[in-house]
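Okay, so here's the structure we're looking at.
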Amino acid sequence: MVDFAKGEVLPREVFEALTDESVIKTAFNAAFERTCLAAYFKRPMKPKQWRCTAVKALELWLPGSLEGVTKAMNLEEGKLKEGKELIKFFSMSCKATGFNKGISRNFPSDAEERWALFKAYCIRDVEVERTIRNKLDLFRLSKFEDKLWFLDQEINDRGIRADQQLIDKVLKCINTYDEAYLWRLQF
């Protein structure tokens, strides 16, 4: 666990492994990890250097969530139940109120004990992912699914072109239509 929020620094050898295209990285939802790391390091993380355990689980007819796979595989160590609430608390903005002293985002310094629990949650998730990966490594992902996942990642990395002017006009039409006909919905 490297706590960037507390000023800890990623060890050089970890950075080198994460950015080395010849080193294969694995995650349960590799698309999430890959895109987050690419944004953090401000450099692309090519799909070919990643393997997704969630895709392998789905190909084996296991659930699509880490929690679901943990239960389906009867693993003793599961996800911490507090995880979803902690993710929401630290990763999403919140409404500024008098109760929370007008803040719109929670930081580790706002709740040290919860931050420690959040870090424990992250460590547990990695342990669970590693256990699942080791068990699923007994099965080889089909070449078709392998190619499909890489293609999916490349398509998502490129994104789609959007005509912002058209989008703005459509939104204006929707708003105009809503305003013009909203009275009909009122009783």
So, first residue outside any strand (DSSP E or B) in region 21-35, second residue open to solvent by 50 Å² or more (accessible area, probe 1.4 Å) and of a type in the set (Lys, Arg), Cβ within less than 8 Å, six or more apart or across chains; the pairs are Glu21/Lys46; Glu21/Lys48; Ile24/Arg51; Phe28/Arg133; Ala30/Arg51
Let me confirm something: among Arg34, Arg51, which residue is under 26 Å from Glu145 (Cβ atoms), open to solvent by 60 Å² or more (accessible area, probe 1.4 Å) and touching a strand residue (DSSP E or B) at 6+ places or on another chain (Cβ under 6 Å)? Arg51
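Okay, residues lined up against (1) among the charged types (D, E, K, R); (2) in contact with a strand residue (DSSP E or B) (Cβ under 9 Å, 6 or more places away or on another chain); (3) open to solvent by less than 90 Å² (accessible area, probe 1.4 Å):
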position	(1), (2), (3)
Arg12	yes, no, no
Thr26	no, yes, yes
Arg43	yes, no, no
Lys46	yes, no, no
Ser91	no, no, yes
For region 130-141, the count of residues that are assigned to a helix (DSSP H, G or I), open to solvent by less than 40 Å² (accessible area, probe 1.4 Å) and of a type outside the set (Val, Ile, Thr) equals 1
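So which residues in region 68-82 are charged (D, E, K, R) and in a loop (DSSP other than H, G, I, E, B)? Before you say what the answer is, go through the steps one by one.
Pass one, region 68-82, residues charged (D, E, K, R): 71, 76-77, 79, 81-82.
Hits for region 68-82 are Glu76, Glu77, Lys79, Lys81, Glu82.
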Considering only region 67-84, I want to know if a residue exists there that is touching a helix residue (DSSP H, G or I) at 6+ places or on another chain (Cβ under 8 Å), of a type in the set (Lys, Arg), open to solvent by 60 Å² or more (accessible area, probe 1.4 Å) and modelled with pLDDT of 90 or more. no
Does any residue of region 86-95 turn out to be in a loop (DSSP other than H, G, I, E, B), within 15 Å of the chain's Cα centre (by Cα) and not polar (S, T, N, Q)? yes
Of Phe107, Phe150, Phe144, Phe99, which residue is open to solvent by 70 Å² or more (accessible area, probe 1.4 Å) and in contact (Cβ under 8 Å) with a residue 60 or more places away in the chain? Phe107
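The values are calculated or read from the model by the stated rules, or taken from the named source; none is laboratory data. No experiment lies behind these values; they were computed from the predicted model shown. Using ideal geometry, Cβ is built from the backbone for each residue, glycine included, and neighbour counts are taken over all protein chains shown. Protein only, heavy atoms only, side chains kept; ligands, DNA and RNA dropped before computing areas. Shrake-Rupley method; radii C 1.70, N 1.55, O 1.52, S 1.80 Å.
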